[in-house]
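Before any comments, here is the structure.
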Amino acid sequence: MKPTSLRSRATRLTRLTRLTRLTRLARLALPLVAVSCTREIYIGEEPSDGGGDGAIDAPPGTTDKVDLLLVVDNSASMADKQDALAKRIPQLLQLLTQIGVDPITGGAPKVVDLHVAVITSSLGSQGTSACDPLQFGPHVDDRAHLLPRAGENAAYGYVYDATGAQPTQVACPTPAAAAPMRWVLDSARDPAAELVGAADLPKLEAAVSCAVLSAGDDGCGYEQPLEAMYRFLADPVPAMTREADCTKNPAGDQCGTSTIQSAGRDDALLAQRAAFLRPDSLLAIVLITDENDSSLRAEGMNWLPWAFAKGTMSRGFQSCAYVPDDFELANEADSARLLSVYNCSSCFQTLTDPTKDPNCSVPWASVPLNGDVDGRNLRAFHQVQRFGYDFLYPTSRYIRALTTNTVVADDGVTMPNPIFAGGKRAADRVVLAGILGAPPALVNDASGYPKLLGDADWLQLVSADPTRRDAHMIESIAPRFGLPKFAGDPSIDAINGGERDVPDGDDLQYACLGPATTIPESLSLCKAAGSEARNPACLAGGGTRIRAYPAIRPLRVIRGVGNAGYVASICDDSYRGAIAGLASKIAHASAP
């Protein structure tokens, strides 16, 4: 989470208040979600198709009909990446529709019926003040509803000039709020489509790029792109609200023993889904985020990391530090195994006596320089290793949603998966692409196009064994072993400019740096005098480079969906290769 995403908290809970709250919590074991998939996904293995009655068995086919969903991170520092995406999305639309030729291999069929929708990563903070719309504005909880928002749109968008191979800025068309953009080559395909024929392609390009830019960068800093994707596409009964009963307090929210409750049904979202998602289309999903996913398991007392003040979260046992970072709590058996195999538990759970572990009385770092001070910006970081508990949805939730016929609703009932409703969409008619925090050198081939990733590539990106992972993809506050230290010259490391000192202990080391950006919202990182000597992302004179952090969870989901997955680096220059490769991926998925 970015430091600018939350207001600073001037005061902290007193030790007495903290002990009172934790004593109350110690009487309860945090309830664990019953999720739809209990199997584990091990990096380096081909995942199964979900098994049993949930497996997709619809026959493969062909389609020239595509539903394209863009899931855009709208937290602070995303303005430059949104601009880069908005400039290149029109090229993607042309590659799919007007040109109709695979940009890499040639000869692929073109799309003649296209729906495009845009949502953001902001889903609020489950009743706490961390991302409270009343305090921070409505965009911290977009509820996975479609953009543009009612009454809001960007001032300009882009169309793609194929002759000059450059995006061209244009005025935004009058938008249809919270609706997909629908285009067909021939009106006979869909008389209800707003945009028809080659003449309306520039209108489609402008409308989609304007919707991307309308996301803004004032969303919730606890990004939940995976859950936003799930809620919009696969949640069979999306709730109107998922909140605990909390009293907001600058020193830490007072939520007592309140639990997160799902209430109501979001009929507006269901109507938007119905307008976008066809049962027989190819579904292509693009995630763009510069940080790791923090999709909170919206149940029980999982509001804890969002509510507690800095330095007041209970630690996990000493042994938790050695739990592999791909360990996820998908069910109660996992929680028991965490204790029995790793001797890891949270100091506020009752699975064992917390006073028996000395870590429960160890305070967080008192020296913030490169130290873990339990900063609120990092509450989704290494939760099991730091807190002894996993507050996030397991990645298997999202792998299952993209590969099997059933999902589990909030009430624990197994229900048909809306993505595969009707049996007309086979599993090979789903594409999940990510433009994410990963070094371009790890995901691109020699020509600069994203490559087909093999087991060796995935081990470098997301292996649970840190000795097999590229050091740039390890999440860490302190400088990482084996990487050079930044000392004013970013050329010391061509990938991320070198390891920097984190003065407040509330940020992570970069996975990669991209080209310089001139987007004003992104320049605030480097406005202080001398920033270029402290941060490799900063340029002399206050300029800055695009920056990103390791996107471990989205990458593991993409790995888990097998051949349906596609990865590009958010640090790549202008996303030319990412967009051309994505067009190729969609075209091949549409081919016989």
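Numerical summary
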quantity	calculated
Test: residue in the stretch 168-178 that is surrounded by fewer than 22 Cβ atoms within 10 Å (Cβ to Cβ) and within 23 Å of the chain's Cα centre (by Cα)	yes
Subset tally (residues that are of a type in the set (A, V, I, L, M, F, W, C), surrounded by fewer than 17 Cβ atoms within 10 Å (Cβ to Cβ) and within 18 Å of ARG379 (Cα to Cα)) for the stretch 240-259	1
Matching option when the condition is farther than 25 Å from PRO324 by Cα, charged (D, E, K, R) and either crowded, with 24+ Cβ neighbours inside 10 Å or in contact with a Phe, Trp or Tyr (Cβ under 9 Å, 6 or more places away or on another chain) (or both), among ARG547, ARG559	ARG547
All positions within the stretch 355-386 that are under 29 Å from the mean Cα position of the chain (by Cα), part of a loop (DSSP other than H, G, I, E, B) and not hydrophobic (A, V, I, L, M, F, W, C)	PRO368, ASN370, GLY371, ASP372, ASP374, GLY375, ARG379, HIS382
Residue, surrounded by the fewest Cβ atoms within 10 Å (Cβ to Cβ), within the stretch 562-576, restricted to residues that are in contact with a Pro (Cβ under 9 Å, 6 or more places away or on another chain) and within 23 Å of ASP428 (Cα to Cα)	GLY562
Residue match in the stretch 250-261 (condition: modelled with pLDDT of 95 or more, more than 29 Å from ALA426 (Cα to Cα) and in contact with a Gly (Cβ under 6 Å, 6 or more places away or on another chain))	yes
Breaking point among (1) of a type in the set (D, E, K, R); (2) more than 30 Å from ALA239 (Cα to Cα); (3) touching a strand residue (DSSP E or B) at 6+ places or on another chain (Cβ under 8 Å); (4) in contact (Cβ under 8 Å) with a residue 40 or more places away in the chain, for ASP161	(4)
Unmet requirement for ALA421, which otherwise passes all of (1) part of a helix (DSSP H, G or I); (2) without any contact (Cβ under 8 Å) to a residue 60 or more places away in the chain	(2)
Out of ASN302, ASN249, sole residue that is part of a loop (DSSP other than H, G, I, E, B) and either of a type in the set (A, V, I, L, M) or out of contact with any Leu (no Cβ under 8 Å at 6 or more places or on another chain) (or both)	ASN249
Conditions (1) at pLDDT 95 or above; (2) surrounded by fewer than 21 Cβ atoms within 10 Å (Cβ to Cβ); number of the one not met by LEU123	(2)
Search result, residues across the stretch 272-289 that are in a loop (DSSP other than H, G, I, E, B) and either of a type in the set (Lys, Arg) or out of contact with any helix residue (DSSP H, G or I) (no Cβ under 6 Å at 6 or more places or on another chain) (or both)	LEU277, ARG278, ASP280, SER281
Criterion (under 20 Å from LEU277 (Cβ atoms) and at pLDDT below 95) met by exactly one of ALA426, ALA433, ALA401	ALA426
Single residue of the stretch 505-558 satisfying the filter (in a strand (DSSP E or B) and more than 17 Å from ASP83 (Cα to Cα)) that is farthest from the chain's Cα centre (by Cα)	CYS538
Subset tally (residues that are more than 22 Å from the chain's Cα centre (by Cα) and either in a helix (DSSP H, G or I) or on the phi > 0 side of the Ramachandran plot (or both)) for the stretch 430-485	4
When residues of the stretch 139-155 are limited to those that are modelled with pLDDT of 95 or more and either among the acidic types (Asp, Glu) or not in a loop (DSSP other than H, G, I, E, B) (or both), the one farthest from the chain's Cα centre (by Cα)	HIS139
Subset tally (residues that are hydroxyl-bearing (Ser, Thr, Tyr) and surrounded by fewer than 21 Cβ atoms within 10 Å (Cβ to Cβ)) for the stretch 469-525	4
Flag for GLY127 being touching an Asp or Glu at 6+ places or on another chain (Cβ under 6 Å), small (Gly, Ala, Ser) and outside any strand (DSSP E or B)	yes
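The values are calculated or read from the model by the stated rules, or taken from the named source; none is laboratory data. Fair warning: this is a prediction, and the values are worked out from it, not measured in the lab. So basically every Cβ, Gly included, is an ideal-geometry build from the backbone, and we count neighbours across all protein chains shown.
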